[in-house]
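S.K.: The following block contains the structure, expressed as structure tokens.
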Amino acid sequence: MATQRKHALRVLNAAIALALCQGALTVHAQEAAADTAKDAPPAKETKKDQGAASSEQIVVTARRREELIQDVPAAVTSFSGDQIDRAGISDVTGLADRIPNTTLKASRATNSTLTAFIRGVGQQDPVAGYEQGVGVYLDDVYMARPQGALTDIYDLARVEVLRGPQGTLYGRNTIGGAVKYVTKNLSPDPELNLKATLGNYGEKDLVVKGNMPLSDTVRFGATLATFKRDGFGTNVVNGKDNYDKDVLAGRATIEWTPSSEFFVRISGDRTSDDSLPKQGYRLTPGPAPTNEPVLSNYYDTRANLYTVLGKDQEVINDGASALIVWTINPDLSLKSITARRKSHSVAPIDFDSLNEVLFEAPALYHDDQTSQEFQLTYTGAKLQGVAGLYWMKANAFDEFDVLYNALGGLSLYTLDDIDTKTWAAYAEGTYDLSSQWNVTLGGRYTNDQRLARIYKRTYLGLNGSPTLGNPSAVGLPANTDEQKSDLNRTDTKFTPKLGVGWKFAPEHNAYLTYSEGFKGGMFDPRMDLGGNPNSPASIVKREGVKPEEISSYELGLKSAFQGGRIQTNIAAFYSDYKNVQIPGSIATYDANGNVTGFAGTLTNAGKAKISGLEIEGLARLSDAFFMSGMLSFIDAKYKEWIVNGVNIAGSAEFQNTPKNSASLTATYEWPMALLDRGGSLALNGTASYKSKVYQSEIVRPTGIASIDATVPQNLMLAQEGFTLYDASLVWTSKDHKVQVALIGRNLADKRYKVAGYAFGAYFNTVTAFYGDPRTVKLAANITF
């Protein structure tokens, strides 16, 4: 404990030292400004964000009200839709390279399921019942499941990423952070916009959006988008593409403003992903007698599973929401957010990635959620705050076979039907004690109920279970047959927040906050009660795992220099993380030592400590030259993780949490007339670095044979530190109605692992999935 306190103090001291350096720089800058004030030219009008750089007026809604990002006493990073377009970033995974201590990526073997980690907190496995550690929001609507959460970015005003617990401002408590998609409001004038993109690997994208007023008070808008691309690799057996894209998406919105006090927006969206299954790259040779060698192209595969119940892979995600805002007076407003979302997935997962039925998982997923939030916002002269009530009912259902070609062939069937019922009351307020000092108080009460129906049964043969296409299957007695009346738990928690802000100079804002986060307990959807000797006691007793809890301290300093042309944000944090929910799978064996299947190993790691330092900055060095960057460090360590009576914390690393990350972006813009439309040309370049990343927790021997067998495979999936380089050349017309961009990403064509499966007990199966190779594309954007 003393060691941890010392480490936390070192991190905080480093932040304070940086703050003092900034303070000295502030004094120097202010003195220099005073000396030259009489001769200074009139200040230029601040630019709105028109690309990769803006002078510095960045508006966010991180605290559920519009305010400058530099005034928000929290770690938040924002990217405008235009910034994202200019950088050629197709989805939020491309933003993670520019955000401190953040990992956003496609889940293993999927195209559109999001895995998110912020400051060491997240969730990798997307099966039913596993709650996300990072909340994903679309216009303040929480998306309860990660399936379909990773979609191409289009028609967005901005993306905001908040780091740290978010409990006193948001409807759904999120223990690690939040990713917010914020869509654009409709224009009062008729508008039509076309964006077309052509790129290597046969990329062909088209986005058509428009809006028009139907009356003085009603506006209607719609967007239709298609994203297509050939695969980065191929299936060397059947010639099918691997890592291709085939997505159709749309959104429609109607806005009604009957008076200056009322605003109503009704939106609906739908995304259909018909891409081929993303099949893994096998890192190990095939088993005897074929002994297939490892392939040379990391995007190639030999997988043979492409359908489920005769259906091709598909992921359909849709939703509808209704927003009603009543401005009671200039300081007080009431908001209602009603939403319904659902998704359906057909997922053929070929674990072994070979042209044989060895170890495969045809799966079906269905998710459904309904939520209601009432929110009251007050923005007075001295007091600003928000209070709300939140309710959500969600169901996550999946069923899958694991086809295991041993002991004559087995089909391991699992059904999960998980209900979540939750409600919460929350409030946060900031009071200005003076022009320099303010205090923030917040609190949240959460009630989470989880009910689970879990059924596991083994069928003889490789033709699958009755539910997944083999009605004549012969089954053994069920391993697990639990009803919702048996697997039912309710967790409640009050989580406070306390903060102090000190604006020691007009453009310098320091803050210190303490906040707590909470994620409810749950049941392992792959629990095996059929005599598995390695099942944790919590499974055997039908208790589920305990709720996660985190206590986080954050010290920050947000500063601006030279009228906002230079901005720096520094945040140091320390978190005490308890009952970390860690999912996993282990092999089950018969009396003769033969592998007969697999079981879940969802456990609580009792204690972990996380500390880190984050630095972000931007500088407009001249009217033409702009730079931005970030640097982050994190030290995340397990301190207590008891498995079979043994503390294995010293054998574990936090997954998806590189210790160091950095990025630097530079933009140079100069006037350039083209097509008699005037305009400007901007050259953008970005370099981003991440240190070593582990894809799973156990990376050193534990002394438990069943766990230690996976250590070599987990190390095979670890990704050593790497750097990516991106660049773009963008011409924008003077009236900003025409834009043409040449965009290159991963210009060094780096191969880097982003996910994988370590199933060495099953035919020595270790498969990996890789980030995108070098891509080059030309995009044209025209507004009429």
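S.K.: Considering only residues that are open to solvent by less than 50 Å² (accessible area, probe 1.4 Å) and assigned to a helix (DSSP H, G or I), look in the range 702-723 and name the one that is farthest from TYR298 (Cα to Cα).
M.R.: SER706
S.K.: Of everything in the range 68-84, what is modelled with pLDDT under 85, open to solvent by 30 Å² or more (accessible area, probe 1.4 Å) and either within 29 Å of THR775 (Cβ to Cβ) or not aliphatic (A, V, I, L, M) (or both)? Give them in sequence order.
M.R.: Within the range 68-84, ASP71 is the sole residue that qualifies.
S.K.: Of all residues in the range 731-784 being hydroxyl-bearing (Ser, Thr, Tyr) and open to solvent by 30 Å² or more (accessible area, probe 1.4 Å), which is nearest to GLY685 (Cα to Cα)?
M.R.: Taking the candidates together, the pick is TYR752.
S.K.: Restricting to the range 249-265, name every residue that is of a type in the set (Val, Ile, Thr) and either in contact with a Ser or Thr (Cβ under 7 Å, 6 or more places away or on another chain) or crowded, with 18+ Cβ neighbours inside 10 Å (or both).
M.R.: Result: THR253, THR257.
S.K.: Here are some conditions: (1) closer than 30 Å to GLY176 by Cα; (2) surrounded by fewer than 22 Cβ atoms within 10 Å (Cβ to Cβ). LYS497 meets all but one. Which one does it not meet?
M.R.: Evaluating LYS497 over (1) closer than 30 Å to GLY176 by Cα; (2) surrounded by fewer than 22 Cβ atoms within 10 Å (Cβ to Cβ) leaves (2) as the failure.
S.K.: Name the residue that is modelled with the lowest pLDDT, counting only residues in the range 686-701 that are surrounded by 18 or more Cβ atoms within 10 Å (Cβ to Cβ) and in a strand (DSSP E or B).
M.R.: My answer is ILE698.
S.K.: All but one of (1) out of contact with any Leu (no Cβ under 9 Å at 6 or more places or on another chain); (2) at pLDDT 95 or above; (3) polar (S, T, N, Q) hold for THR710; which doesn't?
M.R.: With respect to (1) out of contact with any Leu (no Cβ under 9 Å at 6 or more places or on another chain); (2) at pLDDT 95 or above; (3) polar (S, T, N, Q), THR710 is out only on (2).
S.K.: Among the candidates SER272, SER259, which residue alone is of a type in the set (Gly, Ala, Ser) and closer than 27 Å to GLN123 by Cα?
M.R.: SER272
S.K.: Now a separate question. All but one of (1) over 28 Å from ASN111 (Cα atoms); (2) touching a residue at least 24 places away in the same chain (Cβ under 8 Å) hold for MET212; state the number of the condition that does not hold.
M.R.: (2)
S.K.: Now, a different point. Which condition does ASP246 not pass, out of (1) more than 25 Å from TYR770 (Cβ to Cβ); (2) open to solvent by less than 60 Å² (accessible area, probe 1.4 Å), if it passes all the others?
M.R.: Only one criterion is unmet by ASP246, namely (1).
S.K.: Of everything in the range 232-243 that's open to solvent by 10 Å² or more (accessible area, probe 1.4 Å) and in a loop (DSSP other than H, G, I, E, B), which residue is nearest to VAL776 (Cα to Cα)?
M.R.: PHE232
S.K.: Also, I was wondering about something else. Kindly establish whether ASP726 is surrounded by fewer than 21 Cβ atoms within 10 Å (Cβ to Cβ) and acidic (Asp, Glu).
M.R.: Judged against the criteria, ASP726 is not a match.
S.K.: Also, I was wondering about something else. Go over the candidates VAL182, VAL161, VAL136 one by one and state the one that is assigned to a strand (DSSP E or B), at pLDDT below 95 and surrounded by fewer than 22 Cβ atoms within 10 Å (Cβ to Cβ).
M.R.: Result: VAL182 is the single residue among VAL182, VAL161, VAL136 that is assigned to a strand (DSSP E or B), at pLDDT below 95 and surrounded by fewer than 22 Cβ atoms within 10 Å (Cβ to Cβ).
S.K.: Same structure again: How many of the residues making up the range 650-698 are touching a residue at least 40 places away in the same chain (Cβ under 8 Å) and farther than 24 Å from ALA116 by Cβ?
M.R.: 19
S.K.: Any chance you could count how many residues in the range 713-771 are under 27 Å from ASN291 (Cβ atoms) and basic (Lys, Arg)?
M.R.: 2
S.K.: Please identify the pairs in which a residue from the range 256-277 that is on the phi < 0 side of the Ramachandran plot has its Cβ atom under 6 Å from the Cβ atom of a residue that is among the acidic types (Asp, Glu), counting only partners at least 6 apart or on another chain.
M.R.: Once the first residue is on the phi < 0 side of the Ramachandran plot and sits in the range 256-277, its partners that are among the acidic types (Asp, Glu) give ARG265/GLU255; ARG270/ASP318; ASP274/ASP246; ASP274/GLU314; SER275/ASP244; SER275/ASP246; LEU276/ASP241; LEU276/ASP244.
The values are calculated or read from the model by the stated rules, or taken from the named source; none is laboratory data. Small disclaimer: the values here were computed from a predicted structure and weren't measured. Positions of Cβ are backbone-derived with ideal geometry, glycine not excepted, and every protein chain shown enters the neighbour counts. Quick note on the areas: whole protein, heavy atoms, side chains included, nothing else; ligands and nucleic acids left out. Shrake-Rupley method; radii C 1.70, N 1.55, O 1.52, S 1.80 Å.
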